[in-house]
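The values are calculated or read from the model by the stated rules, or taken from the named source; none is laboratory data. This one's a predicted model, so the numbers in the text were calculated from it and none came from an experiment. Note: ideal-geometry Cβ built from the backbone for every residue, glycine included; neighbour counts use all protein chains shown. Just so you know, the surface numbers come from the protein's heavy atoms only, side chains and all, with ligands and any DNA or RNA stripped out. Shrake-Rupley method; radii C 1.70, N 1.55, O 1.52, S 1.80 Å.
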Amino acid sequence: MDNYKHLKNILYHIIDDMNNSRSLFCENPDTDFIRSRKLDFKTTISSILCMENGSLKDELLKLNDYSVDTPTASAFIQARSKIRVEAFKILFDRFNDKTHKDKLFKGYRLLAIDGSELPIDNTIYDKDTTELRYGTNAKAYSAYHLNASYDLLECTYDDLIIQGEAKKNENDAFCQLVDRYKGKKAIFMADRNYES
């Protein structure tokens, strides 16, 4: 079995385990995902991970092989809103735990930390994600700021912190990533925006 299939099997096994205790990952444990529907917990979380950059309607059609029974975008949004954000962090951590292999440089892990902007729709004003950008035409700009810790030798992400672009603080994110790290001895590297 090649590495891709092995990793995919690990991911789906973790999602199956989470599905078996899905009430822990739902906004309303007593009511969310208790009825049998096309978009159950497992299908919804798997779909979110498999989507690309097309419109929601197109992505749903692709994921359902262009079936007439494809769930609507509205149904998907409702199902997605039932899953707590923390479920994805838990999925990320469990996947890393199952697939982690130590590759060290003179006894140290080499972890690079950098940030990236993830633009989002700015039609709804949000004080955490929306800021006014000035220039020739001042207009609102909305984005999340992803701060990621990347293992240079393993070529895997170790941890991440997502902040609203308007409230981003790379210095604070760097400190949190270092404080949360629980692995072997490590050397953390970051660009000058992360200096403290």
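Condition check: open to solvent by 40 Å² or more (accessible area, probe 1.4 Å), of a type outside the set (S, T, N, Q), over 26 Å from Asn147 (Cα atoms) and touching a helix residue (DSSP H, G or I) at 6+ places or on another chain (Cβ under 6 Å). Does Lys57 satisfy that? Judged against the criteria, Lys57 is a match. Before we move on, is Tyr144 in contact with a helix residue (DSSP H, G or I) (Cβ under 7 Å, 6 or more places away or on another chain), in contact (Cβ under 8 Å) with a residue 24 or more places away in the chain and within 29 Å of Phe33 (Cα to Cα)? Here the answer is yes, as Tyr144 does meet what is asked.
Restricted to the stretch 137-196, the set of strands (runs of 3 or more DSSP E) holding at least 1 residues that are polar (S, T, N, Q) and either closer than 13 Å to Gly115 by Cβ or open to solvent by less than 30 Å² (accessible area, probe 1.4 Å) (or both) comprises 139-151, 156-164. Here the condition is being closer than 24 Å to Phe25 by Cα and in contact with a strand residue (DSSP E or B) (Cβ under 9 Å, 6 or more places away or on another chain); of Leu146, Leu110, Leu91, it holds for Leu146 alone. When Leu132 is tested against (1) part of a loop (DSSP other than H, G, I, E, B); (2) touching a strand residue (DSSP E or B) at 6+ places or on another chain (Cβ under 8 Å); (3) at pLDDT below 90, only condition (1) is not met.
Taken over the stretch 96-122, residues that are open to solvent by 80 Å² or more (accessible area, probe 1.4 Å) and touching a helix residue (DSSP H, G or I) at 6+ places or on another chain (Cβ under 6 Å) amount to 1. Scanning the stretch 123-136 for residues that are surrounded by fewer than 15 Cβ atoms within 10 Å (Cβ to Cβ), hydroxyl-bearing (Ser, Thr, Tyr) and under 22 Å from Glu170 (Cα atoms) turns up just one, Tyr134.
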